[in-house]
Amino acid sequence: MPQKHIIKCPECGEAVEFFAEPIGPFCSQRCKLLDLGKWFNQEHCISEPLRPDHFEEFEGMEGGEELDRPN
């Protein structure tokens with residue numbers, strides 16, 4: 001059985017399984033729509049294109065386990 005990845009909902013901070021269908025990584029449809037609205041209103045944005053030097057600090061990682069741990 002696959003391991004569950006529990007994270008905090010990006011909108012409200014409630015614990016939720018990352019791959020929860022159909023709303024993961026959000027805890028509810030409401031939080032999912034609130035986040036989408038922030039993208040539409042440009043409250044969330046990608047400020048610049050990714051460059052190879054953005055990934056330099058991650059080059060030595062094995063399997064990416066460090067990236068899977070919530071803060």
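The values are calculated or read from the model by the stated rules, or taken from the named source; none is laboratory data. Keep in mind that what you see is a predicted model, and the values were worked out from it rather than measured. Quick reminder, even Gly has a Cβ in these numbers, built from the backbone with ideal geometry, and neighbours come from all protein chains shown.
Among the residues making up the stretch 1-24, those that are surrounded by 12 or more Cβ atoms within 10 Å (Cβ to Cβ) and aliphatic (A, V, I, L, M) are I7, V16, A20, I23.
Take C27 and tell me if it is surrounded by 10 or more Cβ atoms within 10 Å (Cβ to Cβ) and either modelled with pLDDT under 95 or over 19 Å from P10 (Cβ atoms) (or both).
Yes; evaluated as a whole, the condition is true for this residue.
Taking every residue in the stretch 18-32 that is within 23 Å of Q3 (Cβ to Cβ) and pairing it with any residue that is among the hydrophobic types (A, V, I, L, M, F, W, C) and in a helix (DSSP H, G or I), at least 6 positions away or on another chain, the pairs with Cβ-Cβ distances below 8 Å are I23/C31.
Looking at E11, E48, E21, just one residue is in a loop (DSSP other than H, G, I, E, B), at pLDDT 85 or above and either touching an Asp or Glu at 6+ places or on another chain (Cβ under 6 Å) or of a type in the set (G, A, S) (or both), and that residue is E11.
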